[in-house]
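Single-structure report; data block below.
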Amino acid sequence: MQAADYTSDRQTSMPIGELYATDFYAWTQAQALLLQQQRWQQLDLPNLIEEITALGKQQQQELRNRFSVLLGHLLKWEYQPQKRSRSWLATIRIQRFDTLDLLEDNPSLKPYLETALSKAYRKAVAIAAAETDCAIAQFPAACPYLLNEILSEDFYPGEDSEFLGEEAP
């Protein structure tokens, strides 16, 4: 397909800027082709800038979401040890792996770590409270774990567990 095929919708003669609102996928393909062909004047710059900005925000959101799930499970692990399971252990391990992979792929997120952790903790408490017999008030108001502990494969808060002697995947 040629770039000209993307610059308007052939059936409605729609300008490429309007294509953004009606067929996002076609718009992305048109923008990619225009970039490859260095046709700078035809780019939909306002929407392109908005989408690139949103991509960065998505990475921050992904980091906060991973921290929320990871912290929620660490809290459950510590505050309800009698209900620990291999599933909780697997979730903690997977979230750590995925968080570390995200940071490796996006090293510029590192200055955002403390902010992400702080924002994620509120959600983590809600997760832990909903999935345990604990009230929200039972959990600390601020995250009780250090960043290096949270990301360490050897850190599991609270008393020892029978599950920890098992080999990691």
### Query
What list do you get for E162, E114, E149 if you sort them by fewest beta carbons within 10 Å?
E162, E114, E149
### Message
Of A90, Y156, L113, which is farthest towards the positive pole of region 56-165's charge dipole, taken about the Cα centre with +1 and -1 on the beta-carbons of Lys, Arg and Asp, Glu respectively?
### Response
L113
### Query
Using helices alone, what [θ] at 222 nm do you get for the chain, with -39,500 (n - 2.57) per DSSP H run of 4 or more residues, divided over all residues and rounded to the nearest 500?
-20000 deg cm²/dmol
#### Entry: Exposure proxy ranking, count of Cβ atoms within 10 Å, fewest first, for K57, K76
K57, K76
#### Entry: Å³ per residue enclosed by the Cα convex hull of the chain
171
### Message
What distance in nm separates the two pseudo spin-label positions at D105 and L146, each 7 Å out from Cα along the beta-carbon direction?
### Response
2.9
## Note on the structure
Given unit charges at Cβ for Lys, Arg (+) and Asp, Glu (-), the dipole magnitude of region 57-165 about its Cα centre in debye, nearest 20, is 460
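Bear in mind that the values in this text are calculations on the coordinates, not laboratory data. Note that the structure is a prediction, hence the values are computed from the model and not measured. Virtual Cβ from ideal backbone geometry, glycine too; neighbours counted across all protein chains shown.
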